[in-house]
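These notes are about the structure you will find just below.
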Amino acid sequence: MVILKILVINAGSSSLKYQLFDTEQHLVLAKGVCERIGIDGGHIKHTPTGKPAMEEDNAMATHADAIRRVIELLTSTVISSMHEIDAVGHRVLHGGAEFSGSVLVNDDVKAAIRRCFPLGPLHNPANLTGILACEEAMGNIPQVAVFDTAFHQTMPDYAYMYAIPYEYYEKYKIRRYGFHGTSHRYVSAKAAEFLGKDPSELKIITCHLGNGSSICAVDGGKCVDTSMGLTPLEGLPMGTRSGVLDPAILETVMKNENITDISDMLNILNKKSGVLGISGISSDFRDLIAAKQDGNERAALALKCFTYSIKKYIGAYAAAMGGVDAVVFTAGVGENNATLRAEAVEGLEFMGIAIDEAKNNTRGTVDVTANGAKVRTLVIPTDEEFVIASDTEEIVRAL
Ligand code: ADP
């Protein structure tokens, strides 16, 4: 089957982001987002590539309504019929231990995504709703599920086990899974390509730093450890998420603040913590940098906690792999902020990591390594949607 056009969908509980790819010409034809599905104030922003964005208020009762409207918008701007769309690729958050790669959606896959609902209660139901909505709106078009967790399935057991009673792993599948897998996979492969080496020859640490952040140790092209855990709450302090902390903190805060419901506590850790929690200003790194420049000490502290944590993971993962050949920065913060990159590796010259200030101030895919440094430091823009489109193409092409 010749695959030309692939619709990539990232369905949230009340939103749906989409991109239409022409894989033959390696082009994004259009992208957009439907917001407030199933609630008042539905809104769609549709951007055909090279043309002005179109915005409309649209009450979408269900995700299937949203998909139907997306298809109308696509057929009125960049394609002439829905039948030009050859396949749909979906971002699915949690594949548990069931998926170590992308798969064609069938009844078994849908059942497995459902089995992972307890592991990804906020995202997986929405992701499955997106798949069912496409079935409803587009009939039996081939659909592929691409999991955020899949790349991390190669971690050894001693990296993914938590030191709690083993029966919880057996009964409830509690272990480290890791997230941002499509991004870590993409940028580590791109880094090998950039360095002109086979991935099997390289030890790479990939730093995906955005609103959510995670770090991954990639040895020989395979993930051997990653900073996010059972959920995306573990690891670095993020925009609003706490990252790692002493679990006993929960009891102390709950007692003192009279919080009786654990979900309220988790809401604080997910939505009110991280650099927002420390600074009290914002979860947006640009705001914090501006506040720090204005002399705000808590903004400076929040940024320092963030870069210090990145540095500790780089050290830990170099130790875990017995060395490191390249450190890669990606995502909103990693791609765009030279200062935070420099601070994250400051003092790591002893392990051969150093950034050149002038090179660091450029954009795009760049080698920012200081002359003489043994470890290469690279900035590589991530493209999770592109990975979803290419996995979808590969799987559907083989049908
Ligand atoms: P998401 O996790 O939502 O996909 P992104 O990867 O798009 O996030 O990253 C969003 C984050 O990137 C925001 O916190 C934003 O402040 C940050 N960011 C974008 N540009 C810059 C910049 N020039 N300097 C610092 N942070 C930036």
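General remarks:
- When residue 263 is tested against the conditions (1) away from the ligand (no atom under 16 Å from the Cβ); (2) under 30 Å from residue 193 (Cβ atoms), the lone failure is (2).
- Within the stretch 268-290, the set of residues being open to solvent by less than 20 Å² (accessible area, probe 1.4 Å), within 10 Å of the ligand (Cβ to nearest atom) and polar (S, T, N, Q) comprises 282 only.
- Test: residue in the stretch 2-25 that is at positive phi and open to solvent by 60 Å² or more (accessible area, probe 1.4 Å): no
- Answer residue from the stretch 321-344, given it is more than 16 Å from the ligand (Cβ to nearest atom) and buried (at least 24 other Cβ atoms within 10 Å of the Cβ) and is farthest from the chain's Cα centre (by Cα) among those: 324
- All of 169, 162, 186 fail the test of being modelled with pLDDT of 95 or more, touching a Lys or Arg at 6+ places or on another chain (Cβ under 9 Å), open to solvent by 30 Å² or more (accessible area, probe 1.4 Å) and closer than 23 Å to residue 238 by Cβ, apart from 162.
- Test: residue 81 is surrounded by fewer than 17 Cβ atoms within 10 Å (Cβ to Cβ), of a type in the set (Gly, Ala, Ser), at pLDDT 95 or above and more than 19 Å from residue 34 (Cα to Cα): no
- Once the stretch 291-315 is narrowed to residues that are among the aliphatic types (A, V, I, L, M) and either open to solvent by less than 40 Å² (accessible area, probe 1.4 Å) or in contact (Cβ under 8 Å) with a residue 40 or more places away in the chain (or both), the residue that is nearest to the ligand (Cβ to nearest atom) is 303.
- Filter result for the condition that a residue is aliphatic (A, V, I, L, M), farther than 19 Å from residue 384 by Cβ and assigned to a strand (DSSP E or B), over 67, 9, 71, 44: 44
- Some residue of the stretch 48-55 being of a type in the set (Val, Ile, Thr), at pLDDT 95 or above and open to solvent by 40 Å² or more (accessible area, probe 1.4 Å): yes
- Among the residues of the stretch 360-394, those identified as more than 30 Å from residue 104 (Cα to Cα), open to solvent by less than 70 Å² (accessible area, probe 1.4 Å) and either under 21 Å from the mean Cα position of the chain (by Cα) or modelled with pLDDT of 95 or more (or both) are 360, 364, 366, 367, 368, 369, 370, 373, 375, 377, 378, 379.
- Scanning the stretch 105-123 for residues that are surrounded by fewer than 22 Cβ atoms within 10 Å (Cβ to Cβ) and assigned to a helix (DSSP H, G or I) yields 107, 108, 109, 110, 111, 112, 114, 115.
The values are calculated or read from the model by the stated rules, or taken from the named source; none is laboratory data. Keep in mind the model is a prediction, meaning the values are calculated, not measured. Every residue, glycine as well, gets a Cβ built from its backbone with ideal geometry; the counts of neighbours run over all protein chains shown. The area values use the complete protein model at the heavy-atom level, side chains included, leaving out ligands, DNA and RNA. Shrake-Rupley method; radii C 1.70, N 1.55, O 1.52, S 1.80 Å.
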